[in-house]
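Heads up: the structure comes next, in structure tokens.
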Amino acid sequence: MRDFDQQYEQLCQHVRQTQRLASAAEVLAWDEHTYMPPQAGPYRAEQLQLLAGLVHQRRTDPDWGARLEDLAAWAEEHRPDAPETVNLLRLRRDWRRQKRLPQSLVEELAHTTSRAQQVWAESRPKNDWNAFAPWLEKVLELKRQQAEALDYQQHIYDALLEDYEPGATTASVQAVLQPLGEALRKLVQRIQHAPLKTDPGLLRRHWPRSEQEKLGRWAAEQLGFSFRRGRLDVTAHPFCTRLGPHDVRITTRYDEQFFPSAFFSILHEAGHGLYEQGLPAEQYGLPLGDSVSLGVHESQSRLWENHVGRSLEFWQWCFPKAREHFPQALADVELEQFHRAVNHVEPSLIRVESDEVTYNLHILIRFELEQELLTGALSVADLPQAWNARYEHYLGVQVPDVAQGVMQDVHWSAGLVGYFPTYSLGNLYAAQLMQAAEQDIGPLGPQWSRGQFTPLLQWMREHVHQHGRRYDPAELIRRATGREPEAQPLLEYLTARFSAIYGL
Ligand code: ZN
């Protein structure tokens, strides 16, 4: 093919233009969640719907698709190792997947999940399961149709998982999460009967919002988040979004009565942001400039939030600074006391408020239940009971009502089935990457106690960020750590950290 380069450029031009539209929609969505006044909602929905339609049209354009098929086939044969080929093969995979979905199903899913989310938001505070259940049935039926259209080898759940964690299967996720669950259950029980206790009560004092913002912003910057290529704003549910090659937005919420809410969510979102800022900017909009999966993304956020941000060494460095910002709240608090408080472990009902040890048990419950819902082994009518039974089994807690039980998360109403396990995969990858980084660099704790985070960030840049979507997540982890994704590093890390804290 004599004019390969020219054809490749034209093809990329189309993709980059599509990305400009998609990122314009992202700006509008970011604004909707941060600054938009309430009455602007309906018009914003129209803007977003128009842009989403245009983006979908461009991504499923048959002429473009035919050129992509030709070019990818040629490149695969003649230039198998070229970066251009990576982009073409990833684009072809996306295109083929999109093409399998009938337009009518895409539209019905968008419409039904939009309504189901509204019904969820209205009925959850009222504990009205009966109002929500029929909508969940509708969503699940459409997700089954979607999975059948996308096709799968073994388990219907595989088809949906592929959207969030390419290459992962129900069996491969099960193989790491199941043993993790059993081991964590035992660890939680040991912590509950531990000789030492932790007291999170001292975190419930008065923490002025402006000081929280200053400290959070400073910490994010010290970790390496660039405010010349990013911003921090306020929202109801913290998130991170990338609006352009040099524009990463992170958000948080402030609770003046509880220190960890904002601070650790800033570290978490800054971790997502560091990944986005580390992706190759010149490949923005193309697969090589894009994050590889939700699991890998979550590994980066959990790594900075937990491995770094909840370590004793981090607080040896950060605590004196925190004292400057909160002289009253921290007047009678010692460093070690504070560190123990931010690592308090306690089985609870709500996933997003749970600690590092119990978190993955919340995920395991959802992972099991959503598979059964999808196959039909569990009916929606029996779901609340099944939910409550698993909370009793895994966490030893009694669920008092559906608002604090099966209706607490927005995911299922939004059609996000197969999404939950990526949270646990993220925790698993984070521990495995940290182990490998320490093997390469040496112990990192002493560096953190001096406020040095660059060596760790550089390691992540080199082994994770710079690759974009070059490898599937499992291969990326294998290349970075020399091992298959496994639960052992996470168990070792949690056991070591919490044995020290609880005197096990
Ligand atoms: Zn996250």
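The values are calculated or read from the model by the stated rules, or taken from the named source; none is laboratory data. Everything numeric in this text was worked out from a predicted model, so none of it was measured. Note that we place each Cβ from the backbone using ideal geometry, even for glycine, and neighbour counts take in every protein chain shown. Just so you know, the surface numbers come from the protein's heavy atoms only, side chains and all, with ligands and any DNA or RNA stripped out. Shrake-Rupley method; radii C 1.70, N 1.55, O 1.52, S 1.80 Å.
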Practice prompt. Please give the length that would be gained between R204 and R93 if that part of the chain were fully extended, namely 0.36 nm times their separation in residues minus their C-alpha to C-alpha distance (nm, one decimal).
Written response: 35.0 nm
Worksheet entry | Cα lying deepest toward the dipole's positive end in the chain, options Y391, L303, W74, charges on Cβ | L303
Practice prompt. Can you tell me the equivalent ellipsoid semi-axes for the range 373-504? Use √(5λ) from the Cα gyration tensor, largest first, whole Å.
Written response: 36, 21, 13
Worksheet item: Could you give the accessible area per residue of the range 4-151, probe 1.4 Å, as a whole number in Å²?
Response: 57 Å²
Worksheet item: What number comes out for the charge environment of P320, summing +1 per Lys or Arg and -1 per Asp or Glu over other residues with Cβ under 15 Å away?
Response: -1
Item to complete: Heavy atoms only, probe 1.4 Å: what % of the accessible area of the range 2-90 goes to carbon and sulfur, would you let me know?
Response: 52 percent
Worksheet item: In the chain, what percentage of the DSSP-assigned beta bridges are antiparallel, given to the nearest 5?
Response: 45 percent
Worksheet item: Hey, with R₀ at 41 Å, roughly what FRET efficiency would Q337 and A171 work out to, going by the Cβ-Cβ distance, to 0.05?
Response: 0.35
Worksheet item: Rounded to the nearest 20 Debye, what is the dipole magnitude of the chain about its Cα centre when Lys and Arg each give +1 and Asp and Glu each give -1 at the C-beta?
Response: 680 debye
Discussion item. Between H393 and Q49, what is 0.36 nm times their sequence separation minus the Cα-Cα distance? Round to one decimal in nm.
Written reply: 119.5 nm
Fill in: Largest-first ellipsoid semi-axes for the chain, taking √(5λ) over the Cα gyration tensor eigenvalues, angstrom
36, 28, 24
Fill in: Local electrostatic count at G41 - Lys and Arg +1, Asp and Glu -1, tallied over other residues with Cβ under 15 Å
-2
Worksheet item: How many nm separate the modelled label positions at R253 and E107, each set 7 Å beyond the Cα in the direction of the Cβ?
Response: 3.5 nm
Worksheet, complete the sentence: Nearest-0.05 FRET efficiency for R190 and V234 at R0 = 30 Å, using Cβ-Cβ distance, is 0.15
Response to the item:
Simple spin-label estimate for Y35/K321, 7 Å along Cα→Cβ, in nm, reads 2.7 nm
Worksheet item: Under DSSP H, which helices of the chain have Cα atoms covering 18 Å or more of the helix axis and a Kyte-Doolittle average no less than -0.5?
Response: 129-150, 170-192, 259-278, 359-375, 421-441, 488-502
Worksheet item: Can you give the convex hull volume per residue for the Cα atoms of the range 4-151, as a whole number of Å³?
Response: 144 Å³
Worksheet item: Full extension from Q145 to E77: what is 0.36 nm times the residue separation minus their Cα-Cα distance, to one decimal in nm?
Response: 21.0 nm
Discussion item. Below 8 Å, C-alpha to C-alpha, sequence gap of six or more: please give me the relative contact order for the chain in percent.
Written reply: 20 percent
Response to the item:
Carbon plus sulfur, as percent of the 1.4 Å-probe accessible area of the range 170-502, comes to 48 percent
Practice prompt. Express the accessible area of the range 170-502 per residue in Å², computed with a 1.4 Å probe while the remaining protein chains stay in the model.
Written response: 37 Å²
